[in-house]
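What follows is a short report on a single structure.
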Amino acid sequence: MNEVLLAAESVGYPEIKDLQDLDSNNGFSRWLRTVSPEGRRQDSAHTFIHPLLQDGKHPNLHVLVEHQVVRVLFDNQKRASAVEFVVSQFHQDVPPAAEQLTQAVRARKVVVLSAGACGSPLILERSGVGNPDVLARAGVPIVANVPGVGHDYQDHNLITTVYKTSLEPCETADELFSGRITTEQAIKEGNKMLGWNGTDVASKIRPKDSDIAAMGPEFQAAWDRDFRNNPNKPLMFTGMFGGYVCF
């Protein structure tokens, strides 16, 4: 980790304490291995939702699992007013015929859509929010002309570099990926590797003007349109993963 941070600093990218503050760019940051006093990774369900469900103080909180959101429904003023959903194919107690029956839950105040970078655009487009050309081809009535929905989906590039290290086995994912230890063995032994994702360092990068010019006029036009006037918007995010993956 330290070697990567020193190398980055030597070419002009400083170490930044918190890259997740929505503004910091052009730097590298140490990746947190754990985010709880117990030394465990966490997710939003266990951190926020489960405690509220279990404390007996939130009788108005209901969580519906094993169901899939179809679309958001809008009223005559084009305000989100309800969510339509179906029983998920993973639900074990419902016969296949019932999986096609849609249900809806209506909102008194607000609808919050949070289905991730891949799921949210799909739900919005099924709801009629998106590029009119795309929605027309799919036969979806247009509620709002928002061409940016689902646009600029980017590939997840992966570069692997083989190197020798003095790190302990539990500090990389190599044992698991190479098959020297099975997941079952790791669980039985309480292997520390199961407590984190193998990533040590992350970065958010914006290219220099000379880099942009070297990529040609088409890239320059895209940069000027989407990035130049948004200094807190990185062009590239990297996460350095410690584990040798063979394909």
Quiz item: Do we have residue 220 as out of contact with any helix residue (DSSP H, G or I) (no Cβ under 7 Å at 6 or more places or on another chain), free of Cβ contacts under 8 Å to residues at least 12 places away in the same chain and not in a loop (DSSP other than H, G, I, E, B) here?
Solution: no
Self-check item: Tally, over region 65-80, of residues that are without any contact (Cβ under 8 Å) to a residue 24 or more places away in the chain and either of a type in the set (Lys, Arg) or part of a loop (DSSP other than H, G, I, E, B) (or both)
Solution: 5
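So which of 202, 186 ends up being free of Cβ contacts under 8 Å to residues at least 12 places away in the same chain, crowded, with 16+ Cβ neighbours inside 10 Å and under 27 Å from residue 43 (Cβ atoms)?
186
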Quiz item: Restricting attention to region 206-247, and to residues there that are of a type in the set (A, V, I, L, M) and under 30 Å from residue 175 (Cα atoms), which single residue is surrounded by the most Cβ atoms within 10 Å (Cβ to Cβ)?
Solution: 240
Exercise. Report, ordered by the first and then the second residue, all pairs with beta carbons closer than 8 Å, sequence separation of six or more or different chains, a first member in region 160-173 that is surrounded by fewer than 10 Cβ atoms within 10 Å (Cβ to Cβ), and a second member that is part of a loop (DSSP other than H, G, I, E, B).
Key: 162/244
Quiz prompt | Residue count for region 186-211, restricted to those that are small (Gly, Ala, Ser) and touching a helix residue (DSSP H, G or I) at 6+ places or on another chain (Cβ under 6 Å) | solution = 1
Quiz item: Residue check: is residue 65 closer than 28 Å to residue 130 by Cβ and surrounded by 15 or more Cβ atoms within 10 Å (Cβ to Cβ)?
Solution: no
Quiz item: Within region 11-53, how many residues turn out to be assigned to a loop (DSSP other than H, G, I, E, B), of a type outside the set (A, V, I, L, M, F, W, C) and at pLDDT 85 or above?
Solution: 10
Quiz item: Is it true that some residue in region 103-122 is modelled with pLDDT under 90, part of a loop (DSSP other than H, G, I, E, B) and either in contact with a strand residue (DSSP E or B) (Cβ under 9 Å, 6 or more places away or on another chain) or farther than 22 Å from residue 150 by Cβ (or both)?
Solution: no
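Suppose we filter 243, 148 for residues that are assigned to a loop (DSSP other than H, G, I, E, B) and closer than 30 Å to residue 71 by Cβ; which single one remains?
Going through 243, 148 in turn, the sole match is 148.
The values are calculated or read from the model by the stated rules, or taken from the named source; none is laboratory data. What you see is a predicted model; the values in this text were computed from it and never measured. Methodologically, a virtual Cβ is constructed for each residue, glycine included, from the backbone with ideal geometry; neighbour enumeration extends over all protein chains shown.
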